[in-house]
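Read through the structure below, which is laid out as structure tokens, and then see the notes.
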Amino acid sequence: MPGREDRLDEPLPADLPTLVADLAAAVGPLLDRPWAVFGHSMGAAVGHELALHLLRQGHRPPVHLFASAREAPQYHHGGTVHLQDDNALCAELARLGGTDAELLAMPEVRALVLPAVRGDYRLIETYPARPEGLLPCSVTALVGTEDEELTVEEAEGWKSWTDAGFDLLGFPGSHFYLSDQPAAIVAAVVERLRN
């Protein structure tokens, strides 16, 4: 995405629909074969909107949507983390457990990482969460069983966004559960893609 890695100097997207449109233009030419979406946290909302956007453009449907550590759109709640100062933003990242506090204490790391993180929070906290239509593919919601950011009800809400199958998978851990057990996550994804 813009603002990261080799695209560090590119401006961050203005809003989530703009990001989705840009992603659709980038991946559209690749959709002549079966495809699926895996999105974690904000990425699950982006992936869901992307799949719906591509369907509206007439592309073949995805074979599966994997929504990880994210509430279904009907439970979306905005927020103000993106408006807080750098110290508060770092405290939020440390609370979620996805970033080493020692790294966040380094001014050069903050200068590099915080603009993109703040941009992500702005995108998801100002996201209107009014997607239209059902996905004609199975949806799997994945959760960390100790994730205080997400209830089982909010995760199970993804079943209302598909007219195909739904399942909910729990893994030990908090919001960033997937960092501790990538092999288990990959195995679960592959198993569902093979069925």
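DSSP loop chymotrypsin sites (Phe, Trp or Tyr not before Pro) in the stretch 3-74 with at most 10 other Cβ atoms within 10 Å of their Cβ, which ones? It would help to have the intermediate numbers written out before the result.
Numbers: sites: 35, 38, 66; in loops: 35.
The qualifying sites: there are none.
With 10 Å bins from zero, work out the P(r) of the stretch 120-187 over every alpha carbon pair and list the percent per bin.
19, 39, 39, 3
Taking the Cβ of residue 114 as the center, what net charge do the other residues with Cβ under 15 Å away carry, scoring Lys and Arg +1 and Asp and Glu -1? Provide the component values of the computation, followed by the final result.
Working: positive: 4, 110, 118, 122; negative: 85, 86, 92, 100, 108, 120.
Every neighbour counted, the sum reads -2.
Applying 1/(1 + (r/R0)^6) with R0 = 45 Å to the Cβ-Cβ distance of residue 85 and residue 164, what FRET efficiency is obtained, to the nearest 0.05? Present the calculation step by step, with values, prior to reporting the outcome.
Working: r = 44 Å, r/R0 = 0.98.
For R0 = 45 Å, the calculated efficiency reads 0.50.
Can you show me the helix-derived [θ] at 222 nm for the chain, built from DSSP H runs with n ≥ 4 at -39,500 (n - 2.57) apiece and divided by the number of residues, rounded to the nearest 500.
-12500 deg cm²/dmol
Longest exposed-loop-site-free stretch of the chain, with GluC sites (Glu not before Pro), DSSP loop and at most 14 other Cβ within 10 Å? Please list the in-between numbers first.
Working: sites that count: 132, 146, 148.
With a cap of 14 other Cβ atoms within 10 Å, the longest stretch comes to 1-131.
Based on the Cβ-Cβ distance from residue 101 to residue 32, what FRET efficiency comes out when R0 is 45 Å, to the nearest 0.05? Numbers along the way, then the final one.
Numbers: r = 45 Å, r/R0 = 1.00.
Plugging the Cβ-Cβ distance into 1/(1 + (r/R0)^6) gives 0.50.
At 0.36 nm per residue, and after removing the present C-alpha to C-alpha distance, how many nm does the segment from residue 108 to residue 190 gain when stretched out fully?
Working: separation 82, 0.36 × 82 = 29.52 nm, distance 3.82 nm.
So the extension gain works out to 25.7 nm.
How far is helix 42-56 tilted, in degrees, relative to the longest principal axis of the Cα atoms in the chain, given as a value from 0 to 90 rounded to the nearest 10?
The helix 42-56 is inclined about 40 degrees to the chain.
Just to check, using Stokes-Einstein with a Kirkwood Rh over alpha carbon pairs, what's the diffusion coefficient of the stretch 84-153 at 25 °C and 0.890 mPa s in µm²/s? Display every interim value, and only then the final one.
Values: Rh = 14.8 Å.
For these conditions, the coefficient is 166 µm²/s.
According to a simple spin-label model (label point 7 Å from Cα along Cα-to-Cβ), what is the distance in nm between residue 60 and residue 75?
That separation, rounded to one decimal, is 3.3 nm.
Every read-out reported here was derived from the displayed coordinates using simple, explicitly stated rules and does not represent laboratory data. As the structure is a computational prediction, the values presented were derived from the model and not from experiment. All Cβ positions, glycine included, derive from the backbone under ideal geometry; neighbour counts span all protein chains shown.
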